[in-house]
1. Could you tell me which residue of region 211-227 is modelled with the lowest pLDDT, considering only residues that are open to solvent by less than 40 Å² (accessible area, probe 1.4 Å) and among the β-branched types (Val, Ile, Thr)?
2. So ASP61 passes all but one of these: (1) open to solvent by 60 Å² or more (accessible area, probe 1.4 Å); (2) outside any loop (DSSP other than H, G, I, E, B). Which condition number does it fail?
3. Sort out which residues of region 228-264 are within 12 Å of ILE193 (Cβ to Cβ), at pLDDT below 90 and open to solvent by 20 Å² or more (accessible area, probe 1.4 Å), and write them in order of number.
4. So is THR166 modelled with pLDDT under 80, crowded, with 18+ Cβ neighbours inside 10 Å and not aromatic (Phe, Trp, Tyr) or not?
5. Can you tell me which of (1) within 23 Å of LEU24 (Cα to Cα); (2) in contact (Cβ under 8 Å) with a residue 40 or more places away in the chain is the one SER126 doesn't meet?
6. Just a yes or no: is a residue in region 66-78 within 17 Å of PRO127 (Cβ to Cβ) and either open to solvent by 30 Å² or more (accessible area, probe 1.4 Å) or touching a residue at least 40 places away in the same chain (Cβ under 8 Å) (or both)?
7. Quick check on region 230-269: of everything there that is among the small types (Gly, Ala, Ser) and more than 23 Å from the chain's Cα centre (by Cα), which residue is farthest from GLY208 (Cα to Cα)?
8. Condition first: part of a loop (DSSP other than H, G, I, E, B), farther than 19 Å from LEU149 by Cβ and not polar (S, T, N, Q). Now tell me which residues in region 21-58 satisfy that.
Amino acid sequence: MNEIGVTADAGQEERYYGGSITVLGRNLVTSLIAGETLVFTRIVVGSGRMPDGVEPMDMTDLVNPIAEATATIPVVENGDLYLTVEYRNDLNGGLKENFWLDEFGIYAKTANSEEILFYYATLGDSPQPVHAYQDNRIDIRRYPVTISLLLDAGVDITFRPGSFITSEEAAILISGMINKAMGHFSSAILVEIIIPKSGWSQKEDAAGYGWYIDVSVPDVTPEYYPQITIHKECLDSAVSACICPASETLTGVVRLWAKSAPAKDIKASAAFLTNGINENGGIAGDYVLPVATADILGGVKIGPGLSVTNDGTLSVDMASDAEVDKILDEVFAQKEQEV
């Protein structure tokens, strides 16, 4: 993060705004020359104000840590390290209380050192409010960070974000999961839809989502599974209306619920998937049943010696004892004549 000046009100002392690698962090960087690996262990956001007369490089811990954050995977180019710190109020089970984000720190270690505060940043006179996580309302704060290592670009840096990922990485992950899941579905409808601000109806709902609207998607039926993704630029409108994350497909429409009608039209991407089974229990869509092998579960045809009932029960047609004796008599009689 670059140092940024902040203009203070008359009569008030200007507070430092920006971040810096700490003294402890600089000492840790020197160990990289010996071939050690720098490991970022955690990122923490807090609400503390840096003491007067102290600079970020002098900090050894956050003043008032609140919650762990995450970041993009660090990139090292020409001796500089770049990453974006991100805090979301849905991390760690969800933020319970509002707070003012006024500071954050990046902690690191090497194999031969203890964890230290590697980088400290303060928002000075511009702290940002972060709202508690409720009604699926996501509050995200991002801060680009640049750290000069004064070393060659070949430094090996490992970042371990644990179970946390950024919003961008989550979108990529979800997209990959949908693509993988498509292997279990026979067909899909992918469309762009507009959730309009007008045309909503009210209906009592125990969960509080008392408003609903049917958006036209001509080819869908109740057998389709809906996946609705709101476009990023429309998230504020969706959050304000508290659009329900669940939806339902009916014949020719997808039904959405909300706690209030949105103030603006909302753009969204919609995927509708089917499992390939039609109303008669047969295979629908473009699904092709694979041929059964010793290693693959699949379909077979009924050949001679096999029979199948209406409910799908397969049986082997066995000869009776009398039929077997008759066949054997015929075989042995033929052998005697040949002799």
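The values are calculated or read from the model by the stated rules, or taken from the named source; none is laboratory data. Because the structure is a prediction, the values reported are computed rather than measured. Cβ sites come from the backbone with ideal geometry, for glycine too, and all protein chains shown count toward neighbours. Each accessible area value is taken on the protein alone, full model and side chains, heavy atoms only, with ligands, DNA and RNA left out. Shrake-Rupley method; radii C 1.70, N 1.55, O 1.52, S 1.80 Å.
1. VAL220
2. For ASP61, the exception is condition (2).
3. Matches in region 228-264: ILE228, THR229, ILE230, HIS231, SER247.
4. yes
5. SER126 satisfies every listed condition except (1).
6. yes
7. Among those residues, the one meeting the criterion is GLY252.
8. GLY48, ARG49, MET50, PRO51, ASP52, GLY53, VAL54, GLU55
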